[in-house]
Amino acid sequence: MCGIVGYVGPGHAPEVIICGLRRLEYRGYDSAGVALLPDGAQRLLVVKTAGKIAALEKELALRASACAGRCHLGIGHTRWATHGAPTAANAHPHLSANGRIAIVHNGIIENYAALRQRLEDRGAVFRSETDSEVIAHLVDACYEGDLRRAVAAAVEQLEGAFGIAAVSPRHPGLIVAARRGSPVAVGVGDGETIVASDVCAVVSHTTRVVFLDDGDIVAARAGAVDITSARNLPISRELTHVDWDVGRIAKGGFEHFMLKEIHDQPRALADVTRGRLLPADGATRLSGMRMDAREMARVSRLIIAACGTSYYAGMIGKYLFEDFAGLPADVQQAAEFRYRNPIIERDTAMLAVSQSGETADTLAAVREALRKGAVVLGICNVVGSTIAREAGRGVYLHAGPEIGVASTKAFSCQVAVLAMMAVAFGRTRRLSAEAGRHMVNALADLPRIAAAVLERADLIRAVAEKYARARDFFYIGRGYMYPAALEGALKLKEISYIHAEGYHAAELKHGPIALLDSEVPVVAAVPDTPDKVKTLGNMQECRARKSPIIAIATQGDAGAREVSDDVIEIPPCPEFLSAIPVVIAEQLFAYHVARARGCPIDQPRNLAKSVTVE
Ligand code: M6R
């Protein structure tokens, strides 16, 4: 949610930090700031503004005389307000009262009120309403000439989740960062080092990245890192090669990241399946699962834990595991998991589905499942993310960076991964080679199917513009189309701010049908599946209440056309994968509705790309 960038090296720190903060803009934020140490200066220059990075840049330009000279050290931050309004005073970095320590912080300090009271009793003067400011005062209180030790002593007293970076004018070549529950990555380049909360801010400088684990403290100097535990014991962490090139993080000629990412899907679906399909054997090879056939056969129940769009992909996973592997599967909202007393029997496995791999609730579910002895597999997009690392095994999506807040290509790749896993588990049970071959061939065809939906983008845009002024929408579907309806409604509400509800088509008449009239369009996910006829009946019921009907149906389906005002056609697709083309059509529909309404599509109000707080 918040973003951290720190730089130490031969480059001009303000430039590198602003560029890094821009790369994190997609995560959603409301204010930003930097703390810089111009060469030879005795004091840190701190500049903070409410609003966009452009406002911070403008303010920095006004202070040009103070930072125009050489400057090789600094930290920056984008804030998404939790404690205190999004004002310049509440923006990070926060300084200790004597200006000796500056910190930036992601996460929430749960015991900040008690710490603040204690520090105030000892004379500290606070300037913000944030929980984060206590860290600056606390590090200062622990400082005895060694910044790393001061940070280590301070974090011992913190409760909650954090990623922190700290600098001091007394240590002109040093950034100290620490992590517990909120990601910190350190890019180690040629004579320069970048500390960031997200690899996106690092990859334009270096692809060599060290991901900190909880409890790690790093002393980052130009081109060198030194990782220790809080007790000062040296720790060695693997250097990961992150092959995201900067071009893939840019918009590539599209008006918005979301549109680019929707159009990325044929490529992403080719990448997620590449090398993993074995048509001759009717099987899949997912080596990251690190489970042999015997281990897979032993799993007797799956728990799929996820949030938001990933949760809806998980619902499809449940159907896939039941249909093709005969394996009982529960999908659980990750936020609920650890607060219940979940039953994890021997041979239960958890699948943690998360694009970012950093969602706080999903991570907590993973930890609870590991604690209870379950095998946990991560289904993540971001390589080296916390869930991927803590699960220790799983399957990466290879969708490439997803920058738009609305998840698009990650959903399609999550469904593809879950289908490949269903084949893998299924082949250790009742799925025949022939049936497996049918599934594998269908998976191989996904890039073509996705491209065929995208070819209809102009038509989808026309339909979207026709309905862009509606105030409420319903999305309906059955079977595999039920999660697709939920996902369509989520996409529309998050980027267009239109009230939209996803319902099982049969559930409408148990209440919500009372809301239907000529002002409330219904989007029906009704491709050619065995459930179709029943959904057509439900569409008739909506029509009888005068709701305009928009069908997402298989091309040439006369039955769907007959009961609809508008039809968005998708190519024929086997039922088990049909959510992918349907949801791509829904993504384009939501995008064009939001665009017609002039909404800020990539960074919708109140939302953040990665939800790292509970
Ligand atoms: O990174 P994750 O997949 O764990 O994120 C989960 C949700 O926060 C995410 O899918 C959210 O619902 C998206 N904004 C939906 O577009």
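No lab work stands behind these numbers, since they all come straight from the coordinates. Quick caveat: nothing in here was measured; it's all calculated off a predicted structure. Cβ sites come from the backbone with ideal geometry, for glycine too, and all protein chains shown count toward neighbours.
Quick notes on this structure:
- Cα gyration tensor shape of segment 8-85, rounded if a/c is under 1.5, else prolate or oblate by comparing a/b with b/c: prolate
- Taking the DSSP beta bridges with both ends in the chain, the antiparallel portion is around 60 percent.
- Alpha carbon Rg of the chain, scaled by the compact-globule rule 2.2 N^0.38 Å: 1.01
- Protection proxy ranking, peptides 481-488, 591-598, 603-610, average beta carbon neighbours within 10 Å, highest first: 481-488, 591-598, 603-610
- Qualifying trypsin sites (Lys or Arg not before Pro) in segment 161-238, DSSP loop, other Cβ atoms within 10 Å at most 15: Arg170, Arg231, Arg237
- Peptides 138-145, 465-472, 333-340, 520-527 ordered by packing proxy, namely the average of other Cβ atoms within 10 Å per residue, highest first: 520-527, 138-145, 333-340, 465-472.
- Cut-off under 5 Å, modelled amide H: who pairs with Gly378 long-range: Ala352, Arg393, Gly394, Val395
- Between Asp216 and Arg179, the built amide H atoms are under 5 Å apart, and every one of these is 5 or more places off in sequence or on another chain.
- Between the amide H of Tyr475 and those of Glu501, Gly502, Tyr503, Val523, distances stay under 5 Å, these residues lying 5 or more places away or on another chain, with hydrogens modeled in the peptide plane.
- The share of C-alpha pairs in segment 248-444 whose separation exceeds 21 Å stands at 48 percent.
- The GluC sites (Glu not before Pro) of segment 153-228 that meet both conditions, a loop assignment by DSSP and at most 15 other Cβ atoms within 10 Å of the site Cβ, are Glu159.
- Solvent-free Debye scattering, log10 I(q)/I(0), computed from the Cα coordinates of segment 453-602 at q = 0.10, 0.11, 0.15, 0.21 Å⁻¹: -0.28, -0.34, -0.65, -1.36
- 3J(HN,Hα) along segment 575-580, derived from phi through the Karplus expression 6.51 cos²θ - 1.76 cosθ + 1.60 where θ = phi - 60°, amounts to 3, 5, 10, 5, 4, 5 Hz, with x in place of Gly and Pro.
- Whole-number Å³ per residue for the convex hull built on Cα positions in segment 3-243: 105 Å³
- Placing +1 on the Cβ of every Lys and Arg and -1 on the Cβ of every Asp and Glu, with nothing else charged, gives the chain a dipole about its Cα centre of roughly 440 debye.
- Share, in percent, of DSSP beta bridges within segment 248-444 that are antiparallel, nearest 5: 10 percent
- Here is how the number arises for the chain: DSSP H runs of 4 or more residues each give -39500 (n - 2.57), the sum is divided by the residue count, and the result at 222 nm is -10500 deg cm²/dmol.
- Compactness of segment 8-50 is given as radius of gyration and Dmax, 11.8, 35 Å, from Cα positions.
- Evaluating 6.51 cos²θ - 1.76 cosθ + 1.60 at θ = phi - 60° for every residue in segment 494-502, the Karplus couplings come out as 6, 9, 9, 6, 8, 5, 9, 10, x Hz, glycine and proline recorded as x.
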